[in-house]
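Data block below; observations after.
The values are calculated or read from the model by the stated rules, or taken from the named source; none is laboratory data. The shown structure was predicted, so the numbers you read here are calculated from the model rather than taken from an experiment. Ideal geometry is used to build each Cβ from the backbone, glycine not excepted, and the neighbour counts take in all protein chains shown.
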């Protein structure tokens, strides 16, 4: 799954990790690791 696609779905889910993981059909923890690795630091 490409980072751009993950970002798009994450925003559509109002930044809800559980819902995003469900829509992308991946484990929530896996998605959290991806977000931690690629998300810009605020």
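Give the residues of segment 20-42 that are out of contact with any helix residue (DSSP H, G or I) (no Cβ under 9 Å at 6 or more places or on another chain) and surrounded by 14 or more Cβ atoms within 10 Å (Cβ to Cβ), sorted by residue number. Write out each step before concluding.
Initially, segment 20-42 is screened for residues out of contact with any helix residue (DSSP H, G or I) (no Cβ under 9 Å at 6 or more places or on another chain), giving 25, 33, 36-37, 40-42.
Residues satisfying the conditions do not exist here.
Just give me the residues in segment 18-33 being more than 15 Å from residue 2 (Cβ to Cβ) and outside any helix (DSSP H, G or I), in sequence order.
27
Return the residues of segment 1-17 that are under 14 Å from residue 39 (Cβ atoms) and either touching a residue at least 40 places away in the same chain (Cβ under 8 Å) or not in a helix (DSSP H, G or I) (or both); say none if nothing qualifies.
If the condition is that a residue be under 14 Å from residue 39 (Cβ atoms) and either touching a residue at least 40 places away in the same chain (Cβ under 8 Å) or not in a helix (DSSP H, G or I) (or both), then 15 is the only one that fits.
Which condition does residue 3 not pass, out of (1) at pLDDT 95 or above; (2) in contact with a helix residue (DSSP H, G or I) (Cβ under 7 Å, 6 or more places away or on another chain), if it passes all the others?
With respect to (1) at pLDDT 95 or above; (2) in contact with a helix residue (DSSP H, G or I) (Cβ under 7 Å, 6 or more places away or on another chain), residue 3 is out only on (1).
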